[in-house]
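The values are calculated or read from the model by the stated rules, or taken from the named source; none is laboratory data. Predicted, not measured: the structure shown is a model, and the values here were computed from it. In this analysis, Cβ positions are derived from the backbone assuming ideal geometry, glycine residues included, and neighbour counts consider all displayed protein chains.
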Amino acid sequence: MEFDADPWEPATVAVVGAGYVGLTTSACLASMGHDVTCADIDPEKIERLRNGEIPIVEAGLGEVVVHAVAADRLRFVVGAAAAVADADIVFLCVPTPQDEDGSADLSYIEAAARQIGPVLRPGAIVVNKSTVPVGSARVVERVLQRSDVSVVSNPEFLREGTAVFDFLHPDRVVIGGDDEAAARAVANLYSPLNTEILITDAASAETIKYAANGFLAMKISFINAVAAMCEAVGADVADVIEGIGSDHRIGRAFLRPGPGWGGSCFPKDSRALVSIAADHGYDFSMMRGVIEVNDEQRLRMVAKIARAAGRDMALDLPLDGVAIGALGLTFKAGTDDLRESPSLAILDHMAAAGAEITAYDPTTVGVLDRVQTDRLGTLRLANDALGAANGADVVVILTEWPEFAELDLDAVARVMRGCSLVDTRNMLDPGSVRSAGLDYDGVGRR
Ligand SMILES: NC(=O)c1ccc[n+]([C@@H]2O[C@H](COP(=O)([O-])OP(=O)(O)OC[C@H]3O[C@@H](n4cnc5c(N)ncnc54)[C@H](O)[C@@H]3O)[C@@H](O)[C@H]2O)c1
């Protein structure tokens, strides 16, 4: 349904959850003129926010928060119940992690709904901004036990690293609800953004979010599979991307080969999509294939690194005694988020195969001296890229931090024990790496 905004009026808003989505939503809605109270269950996080500290790495977020607090349009409280009593509209921005069977775990959503149910003012609107399976608006309604409160779905499409920009310049805003007046009230919040607002039923809005993430994951898996084929047939993936990406039906966006997708959304949302489909009698085999290709991609990177070290993954402990200098730990550049990072998954495999690993990531310097991983236990961290390369047999680029494109390759070659560089992000010019006396291997490059 197309949406014509009502005359602009600021609203009183509560946001439950001060993570990547909740804090960005709070700060951006406040910057648009709304009055926002943001709650988190974690008192330490709220204390830091009250002291003007931003607990996550996110470009521009600090400035928007400071400005909104100074204008008295944003405040932070501990606990959902403390935020919602005066709110016209309450956003739920709490985690929906993966459950053991691949489905989305709704326990945080249900807990938040239980906490706010008795406190909401009559006529309030509760908005699911968390990524939730089809039918979750009904689940929240049941838990709230408030016939005078409406529930709508408003999935979030922001990307970590550009969250503030994405929130304020969205490609579209999607609002789904069976109560049209409530959906319109939520749509009105966004009217200063002058963006396309799509109003649907709740099930369609919930499906749109999973379908969007599933499609994006599919594009990355597709180009990773094409890169594997390029290596097999002697083609160059960069030329193939240029050739297919110039077709406007395909486009270049998200066609970048790498170590596989990860992060806080694609892995859990792609599995949830398979699980939601299965619950409703549809075998989403294509999505299962997308996930399988991604799992294979990580193992392909491990095999590449072993080959660069002159080892064979078929042996027991094939990387015993091999020193790896790992560049990048976060799942992508521009964020400090380590959730389901392909980098950590690859390092876990290499550690299990006997490798000794020293890693560097710009977001851990001065904050952490060790990172906990699944199998590796604790991972040794260096303070810079040269520190990670020092004494390494193989240096591997795992996250596309811009500073890795500027590496002093002669210095890297001088401090290494071996002479192999594996570039899982295709960031470096192979000729420059070879000129520094290092062997180069990328992904799908000739
Ligand atoms: N991170 C992204 O890029 C992104 C993008 C789009 C959608 N999403 C979705 O948004 C949701 C939130 O993701 P996130 O990355 O912001 O998570 P997050 O883990 O960064 O933040 C969630 C916050 O909620 C708080 N919390 C949990 N229960 C609470 C309660 N009862 N009351 C108050 N606070 C509570 C946690 O302490 C935490 O600070 C998820 O469903 C996710 O799939 C995330």
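What about Arg252, is it closer than 18 Å to Val293 by Cα, in the same structural domain as Ile346 (by TED's automatic domain parsing) and in contact with a helix residue (DSSP H, G or I) (Cβ under 9 Å, 6 or more places away or on another chain)?
no
Filter region 15-43 for residues that are aliphatic (A, V, I, L, M), within 16 Å of Glu156 (Cβ to Cβ) and more than 10 Å from the ligand (Cβ to nearest atom) and give the result.
Kept after step one, since they are aliphatic (A, V, I, L, M), are these residues of region 15-43: 15-16, 18, 21, 23, 27, 29-30, 32, 36, 39, 41.
With within 16 Å of Glu156 (Cβ to Cβ) added as a condition, the list becomes 15-16, 18, 21, 23, 27, 29, 32, 36.
Of everything in region 15-43, those that are aliphatic (A, V, I, L, M), within 16 Å of Glu156 (Cβ to Cβ) and more than 10 Å from the ligand (Cβ to nearest atom) turn out to be Ala27, Leu29, Met32, Val36.
Cβ-Cβ under 6 Å, sequence separation 6+ or interchain: first residue in region 200-223 and over 12 Å from Ala137 (Cβ atoms), partner outside any helix (DSSP H, G or I) and of a type in the set (S, T, N, Q). Which pairs?
Between residues of region 200-223 that are over 12 Å from Ala137 (Cβ atoms) and residues that are outside any helix (DSSP H, G or I) and of a type in the set (S, T, N, Q), the close pairs are Lys209/Thr131.
If you scan region 114-160, which residues turn out to be surrounded by 19 or more Cβ atoms within 10 Å (Cβ to Cβ), assigned to a loop (DSSP other than H, G, I, E, B) and within 12 Å of the ligand (Cβ to nearest atom)?
Lys129, Ser130, Thr131, Val132, Pro133, Asn154, Pro155, Glu156, Leu158, Glu160
Out of Gly387, Gly431, Gly391, which single residue is in a loop (DSSP other than H, G, I, E, B) and either outside the structural domain of Glu160 (by TED's automatic domain parsing) or closer than 30 Å to Val226 by Cα (or both)? Please lay out each step first, then the result.
Working: Gly387 fails: in a loop (DSSP other than H, G, I, E, B); Gly431 fails: in a loop (DSSP other than H, G, I, E, B).
Result: Gly391 is the single residue among Gly387, Gly431, Gly391 that is in a loop (DSSP other than H, G, I, E, B) and either outside the structural domain of Glu160 (by TED's automatic domain parsing) or closer than 30 Å to Val226 by Cα (or both).
Out of region 183-200, which residues are closer than 29 Å to Met287 by Cβ and surrounded by fewer than 16 Cβ atoms within 10 Å (Cβ to Cβ)?
Selection gives Thr195, Glu196.
So in region 238-276, with the set limited to residues that are away from the ligand (no atom under 16 Å from the Cβ) and within 20 Å of Gly328 (Cβ to Cβ), which one is surrounded by the most Cβ atoms within 10 Å (Cβ to Cβ)?
Pro259
Can you tell which of Ile220, Ile241, Ile208 is outside the structural domain of His34 (by TED's automatic domain parsing), of a type in the set (A, V, I, L, M), in contact with a Phe, Trp or Tyr (Cβ under 6 Å, 6 or more places away or on another chain) and not in a strand (DSSP E or B)? Give the steps one after another, and end with the answer.
On the way: Ile241 fails: in contact with a Phe, Trp or Tyr (Cβ under 6 Å, 6 or more places away or on another chain); Ile208 fails: in contact with a Phe, Trp or Tyr (Cβ under 6 Å, 6 or more places away or on another chain).
Matching residue, one of Ile220, Ile241, Ile208: Ile220.
With the requirement that a residue be closer than 15 Å to His34 by Cα, in contact with a Gly (Cβ under 8 Å, 6 or more places away or on another chain) and either of a type in the set (Gly, Ala, Ser) or part of a strand (DSSP E or B) (or both), what does region 64-113 give you?
Within region 64-113, Phe91 is the sole residue that qualifies.
Do you know which of the residues in region 43-67 that are free of Cβ contacts under 8 Å to residues at least 24 places away in the same chain and loosely packed, with under 14 Cβ neighbours inside 10 Å is nearest to Glu160 (Cα to Cα)?
Per the stated criteria, the residue is Glu63.
Of the residues Leu168, Leu189, which single one is at pLDDT 95 or above and touching a His at 6+ places or on another chain (Cβ under 7 Å)?
After applying the criteria, what remains is Leu189.
Residues being surrounded by 15 or more Cβ atoms within 10 Å (Cβ to Cβ) and under 27 Å from the mean Cα position of the chain (by Cα): count how many of those fall in region 168-182.
Counting residues in region 168-182 that are surrounded by 15 or more Cβ atoms within 10 Å (Cβ to Cβ) and under 27 Å from the mean Cα position of the chain (by Cα) gives 7.
Tell me which residues, restricted to region 229-265, are within 23 Å of Ser285 (Cα to Cα) and out of contact with any Asp or Glu (no Cβ under 8 Å at 6 or more places or on another chain).
Met229, Ile250, Phe254, Leu255, Pro257, Pro259, Trp261, Cys265
So which residues in region 290-315 are exposed (fewer than 14 other Cβ atoms within 10 Å of the Cβ) and farther than 27 Å from Arg370 by Cα, if there are any at all?
Glu292, Gly310, Asp312, Ala314, Leu315
Working carefully through the options Arg114, Arg138, find the one that is over 21 Å from Val77 (Cβ atoms) and not assigned by TED's automatic domain parsing to the domain that holds Ser264.
On the way: Arg114 fails: over 21 Å from Val77 (Cβ atoms).
None of the other options fit; the residue is Arg138.
Filtering region 96-113 down to residues that are crowded, with 19+ Cβ neighbours inside 10 Å and touching a residue at least 40 places away in the same chain (Cβ under 8 Å), which residue is farthest from the ligand (Cβ to nearest atom)?
Top of the filtered list is Ala104.
Of the residues Val65, Val57, only one is within 25 Å of the chain's Cα centre (by Cα), over 29 Å from Gly176 (Cβ atoms), not assigned by TED's automatic domain parsing to the domain that holds Leu368 and not charged (D, E, K, R); which? Can you show your working first?
Numbers: Val65 fails: over 29 Å from Gly176 (Cβ atoms).
Testing whether each residue is within 25 Å of the chain's Cα centre (by Cα), over 29 Å from Gly176 (Cβ atoms), not assigned by TED's automatic domain parsing to the domain that holds Leu368 and not charged (D, E, K, R) leaves just Val57.
In region 1-35, what count of residues is obtained for those that are in a helix (DSSP H, G or I) and either of a type in the set (Phe, Trp, Tyr) or crowded, with 22+ Cβ neighbours inside 10 Å (or both)?
Total satisfying the criteria: 11.
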